[in-house]
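A.B. asks: Encoded as structure tokens, here's the structure I'll be asking about.
The values are calculated or read from the model by the stated rules, or taken from the named source; none is laboratory data. It should be emphasised that the depicted structure is a prediction, and the values quoted were computed from it without experimental measurement. Every residue, glycine as well, gets a Cβ built from its backbone with ideal geometry; the counts of neighbours run over all protein chains shown. Remember, those area values only see protein heavy atoms, side chains included, never the ligands or the DNA or RNA. Shrake-Rupley method; radii C 1.70, N 1.55, O 1.52, S 1.80 Å.
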Amino acid sequence: MTTNTLVRGIVDFINDSIIDDSDDCEALLSFDDRVVPAPLTKMYFAFLIGEDKVNIINADTEDCCQTTEITVSMNCYAPPGESAIGVCSYAEDVLERVNAQYAGIMSGYKIGEAVIDDYLKALKIPCEMYFRYEQCPAFNISESVIRPF
């Protein structure tokens, strides 16, 4: 599983299973301020491709394993007039459902403090999701050649 695949899966899951074709909310893979109407007319969950950290374990054996830790950043943008408490509560509900969907690899999430985005003049709530999983075997070392599985 790549970081890009994981983030795309989360965006699809939110749009298909949580939002339910709602016109007042949308999850986006990337967020471009130039295409978003100002003032905002709906809520956006805007994802950034995450950062990953890979650790090789059992490197002294023929079949090597790796542990991958991924941090995915998401900003929740809400139209003017929305309650920060209400938006945080909705974001937490979405993150809980993502956590349930990715049980076993999602190790938690964090919701930041609500601020006003200077460019959009809208409520912005930064969030992070944490994932950790092992791939065993991740690759095979044989005759000094690494062959991915």
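A.B. asks: State whether the residues of the range 74-86 include one that is among the aliphatic types (A, V, I, L, M), touching a Gly at 6+ places or on another chain (Cβ under 8 Å) and in a strand (DSSP E or B). First the steps, then the outcome.
C.D. replies: Within the range 74-86, the first condition is being among the aliphatic types (A, V, I, L, M), and the residues that meet it are 74, 78, 84-85.
With the extra rule that they be touching a Gly at 6+ places or on another chain (Cβ under 8 Å), the set shrinks to none.
No, that holds for no residue.
A.B. asks: Still on this structure, I have one more. Which residues, counting only those in the range 92-113, are closer than 17 Å to residue 52 by Cα, surrounded by 12 or more Cβ atoms within 10 Å (Cβ to Cβ) and in contact with a helix residue (DSSP H, G or I) (Cβ under 8 Å, 6 or more places away or on another chain)?
C.D. replies: 102, 106, 109 - these are the residues of the range 92-113 that are closer than 17 Å to residue 52 by Cα, surrounded by 12 or more Cβ atoms within 10 Å (Cβ to Cβ) and in contact with a helix residue (DSSP H, G or I) (Cβ under 8 Å, 6 or more places away or on another chain).
A.B. asks: Give just the number: which of (1) in contact (Cβ under 8 Å) with a residue 24 or more places away in the chain; (2) open to solvent by 40 Å² or more (accessible area, probe 1.4 Å); (3) not acidic (Asp, Glu); (4) not in a loop (DSSP other than H, G, I, E, B) does residue 89 not satisfy?
C.D. replies: In the conditions (1) in contact (Cβ under 8 Å) with a residue 24 or more places away in the chain; (2) open to solvent by 40 Å² or more (accessible area, probe 1.4 Å); (3) not acidic (Asp, Glu); (4) not in a loop (DSSP other than H, G, I, E, B), residue 89 misses (1) alone.
A.B. asks: Taking the criterion of being within 12 Å of the chain's Cα centre (by Cα), at pLDDT 90 or above and either outside any strand (DSSP E or B) or of a type in the set (Lys, Arg) (or both), would at least one residue in the range 109-117 satisfy it?
C.D. replies: yes
A.B. asks: Oh, and also: Any residue in the range 5-19 that's free of Cβ contacts under 8 Å to residues at least 12 places away in the same chain: show its pairings with residues that are of a type outside the set (S, T, N, Q) and outside any helix (DSSP H, G or I) at Cβ separation under 8 Å, as long as the two are six or more apart or on different chains.
C.D. replies: As it stands, the answer is 19/25; 19/26; 19/27, since those pairs meet every condition given.
So that you can scan it fast, the table gives a plain yes or no per residue for (1) at pLDDT below 90; (2) aromatic (Phe, Trp, Tyr); (3) part of a helix (DSSP H, G or I):
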position	(1), (2), (3)
56	yes, no, no
69	yes, no, no
99	no, no, yes
126	no, no, no
139	yes, yes, no
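A.B. asks: Scanning the range 98-138 for residues that are among the small types (Gly, Ala, Ser) and in contact with a strand residue (DSSP E or B) (Cβ under 7 Å, 6 or more places away or on another chain), which turns out farthest from residue 2 (Cα to Cα)?
C.D. replies: Within the range 98-138, the first condition is being among the small types (Gly, Ala, Ser), and the residues that meet it are 100, 103-104, 107-108, 112, 114, 122, 138.
Subset that is in contact with a strand residue (DSSP E or B) (Cβ under 7 Å, 6 or more places away or on another chain): 107-108, 112, 114, 122, 138.
Working: 107: 17, 108: 19, 112: 25, 114: 30, 122: 32, 138: 13 Å.
So the residue we want is 122.
Here's the yes/no breakdown for (1) over 12 Å from the mean Cα position of the chain (by Cα); (2) at pLDDT 85 or above; (3) under 22 Å from residue 120 (Cβ atoms):
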site: 14; (1), (2), (3): no, yes, yes
site: 64; (1), (2), (3): yes, no, no
site: 74; (1), (2), (3): no, yes, yes
site: 89; (1), (2), (3): yes, yes, yes
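A.B. asks: Please tell me if residue 143 is at pLDDT below 95 and open to solvent by 60 Å² or more (accessible area, probe 1.4 Å). Reasoning before the result, please.
C.D. replies: Details: at pLDDT below 95: yes; open to solvent by 60 Å² or more (accessible area, probe 1.4 Å): yes.
Yes.
A.B. asks: Still on this structure, I have one more. Filter the range 22-37 for residues that are at pLDDT 70 or above, of a type in the set (A, V, I, L, M, F, W, C) and assigned to a loop (DSSP other than H, G, I, E, B) and give the result.
C.D. replies: Result: 29, single match.
A.B. asks: Residues to consider are 19, 85, 49, 105; find the one that is touching an Asp or Glu at 6+ places or on another chain (Cβ under 8 Å) and either modelled with pLDDT of 90 or more or among the hydrophobic types (A, V, I, L, M, F, W, C) (or both). Before you say what the answer is, go through the steps one by one.
C.D. replies: On the way: 85 fails: touching an Asp or Glu at 6+ places or on another chain (Cβ under 8 Å); 49 fails: touching an Asp or Glu at 6+ places or on another chain (Cβ under 8 Å); 105 fails: touching an Asp or Glu at 6+ places or on another chain (Cβ under 8 Å).
So the residue among 19, 85, 49, 105 that is touching an Asp or Glu at 6+ places or on another chain (Cβ under 8 Å) and either modelled with pLDDT of 90 or more or among the hydrophobic types (A, V, I, L, M, F, W, C) (or both) is 19.
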